1. Condition first: modelled with pLDDT of 90 or more and small (G, A, S). Now tell me which residues in region 1-34 satisfy that.
2. So is L34 touching a strand residue (DSSP E or B) at 6+ places or on another chain (Cβ under 9 Å) and without any contact (Cβ under 8 Å) to a residue 40 or more places away in the chain or not?
Amino acid sequence: MLPVLERELGPGIAEALARTASQLAEDTEVLDELAHRALADCRTAQGNLTVDVLSPLPTAIRRRVILQWLLQSGSSGLSAAHIEAVDQLVIAWSGQRDVEVPNVRVARREGEITIDTP
């Protein structure tokens with residue numbers, strides 16, 4: 001595959017891709033750490049997420065908070081669609097139904113995002 005890319009895009013493409021991958025890994029590490037800290041700030045004593053603290057976070061951080069929280073709550077096999085659906089409970093609340101994700105049900109109740117295990 002790399003020879004084709006080199007031929008089509010020019011020499012040095014492999015090095016450029018490696019640099020980009022390294023930069024993205026560094027960015028991901030920082031975003032994950034920021035999300036970890038934000039999760040601690042958003043979490044209630046009962047383990048729920050406070051909407052007023054979570055909603056103003058930048059999308060990339062907020063969705064990582066949701067992902068970390070769901071994983072810590074016993075969910076697995078999560079897709080981008082699952083994270084987006086839970087995020088909509090946070091940022092676009094209009095009385096919608098609970099969100100089913102693998103192993104748990106997520107709801108918005110009294111300004112908090114909550115988890116129930118079926």
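The values are calculated or read from the model by the stated rules, or taken from the named source; none is laboratory data. What you are looking at is a predicted structure, and each value in this text was computed from that prediction instead of being measured. Neighbour counts run over all protein chains shown; Cβ positions are idealised from the backbone, glycine included.
1. Those that are modelled with pLDDT of 90 or more and small (G, A, S): A21, S22, A25.
2. Criteria not met by L34.
One line per residue, one yes/no per condition, for (1) free of Cβ contacts under 8 Å to residues at least 24 places away in the same chain; (2) farther than 23 Å from T117 by Cα; (3) in contact with a Lys or Arg (Cβ under 8 Å, 6 or more places away or on another chain):
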residue: S22; (1), (2), (3): yes, yes, no
residue: D52; (1), (2), (3): no, yes, no
residue: L70; (1), (2), (3): no, no, no
residue: D98; (1), (2), (3): yes, no, yes
